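Since the structure comes first, as structure tokens, the remarks are kept for the end.
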Amino acid sequence: MTDLQAIQARHSVRAYQDKKIEAEKAEALRELLDRLNKEYDLHMQLIEDVGGVFSGVVSKICGWSHVPSYIAMVGKDSESLDELCGYVGERVVLEAQKLGLNTCWAGIFKRKQATAEIREGERLALVIAIGYGVDSGHSRRSKTLSDVTDVQDMPDWFKAGVEAALLAPTARNQQKFFFTLDGGKPVARVTGNAPFAKLDLGIAKCHFEIGSGRTFI
């Protein structure tokens, strides 16, 4: 499965089978996290014992069920952390899809119950639920190209990038991002002051790069 195929196949899943991730897949995830942590100076961790992170009334309202594990998105506290966690975390999400696992970005959970190591100067941005879903999730309504870009006569690579970005998961399916070109180079920005908008932008930029084959400088 290619990255683009993983984007097309992956949907958010909140209800999971009562089944743990196999040791070999957990090890593959840890190796991936170690590599990406070094590359992006993050402190992401796979937590296999979720404890009470997805418990309580709010979690029930959100539909969380039998989440077996989660990835803690931890890094040095800064203005750029949320966007970076979105960008790098989505790479993890897509690799999990290739391993046959389901995922869901979680903004609502019991933070005080999280057992991830958070060193001085670091912050837990949010977590990603991961495991074997009761089902594979389903697609959601999406904005159109004209909603998220004003580029006319767009190059094929740019169109492919925006189309991939439109498949990115975002909080409340809000898709508060916008793409344009500046001197032939892609530029992405947040539109409005919506919850988790910076993190969503990072996820969308990851998808754009995969779809377009271009990178943001």
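Where a number appears in this text, it was derived from the coordinates with a stated rule and is not lab data. This is a predicted model, so every value here is computed, not measured. Positions of Cβ are generated from backbone atoms using ideal geometry, with glycine treated the same way; all protein chains shown enter the neighbour counts.
Among the lysines of the stretch 1-86, pairs that are 8 or more positions apart or on different chains and have alpha carbons within less than 25 Å of each other number 4. Measuring r between the beta carbons of ASP182 and GLU79 and using R0 = 22 Å, the FRET efficiency lands at 0.55. Computed from backbone phi with θ = phi - 60° and the Karplus coefficients 6.51, -1.76 and 1.60, the 3J(HN,Hα) list for the stretch 92-101 is 5, 4, 5, 5, 4, 4, 5, 7, x, 9 Hz; x is used for glycine and proline. Considering only VAL127, GLY107, SER59, the residue lying farthest towards the positive end of the dipole of the stretch 3-131 is SER59, judged by Cα position with unit charges set on Cβ. Straightening the chain between ARG189 and CYS62 buys 42.9 nm, computed as 0.36 nm per residue apart minus the Cα-Cα spacing.
Looking at the stretch 40-120, which trypsin sites (Lys or Arg not before Pro) are DSSP coil and have at most 11 other C-beta atoms within 10 Å of their C-beta? Here the trypsin sites (Lys or Arg not before Pro) that fit, given the DSSP loop and packing criteria, are ARG119. Working value for the stretch 29-112: equivalent-ellipsoid semi-axes of 22, 16, 11 Å, each the square root of 5 times a Cα gyration tensor eigenvalue, largest first. Couplings 3J(HN,Hα) of the stretch 40-45, computed from phi: 10, 6, 10, 9, 5, 9 Hz, in residue order, whole Hz [Karplus 6.51 cos²θ - 1.76 cosθ + 1.60, θ = phi - 60°; x for Gly and Pro]. For LYS143, a cut-off of 21 angstrom between C-alpha atoms picks up these lysines, skipping any fewer than 8 places away in its own chain: LYS159, LYS176, LYS198, LYS205. Backbone amide hydrogens, once placed in the peptide plane, bring SER12 within less than 5 Å of HIS138, excluding anything fewer than 5 places away on its chain.
Given R₀ = 35 Å, FRET efficiency for GLU24-ARG172 by Cβ-Cβ distance, to 0.05? Result of the calculation: an efficiency of 0.50.
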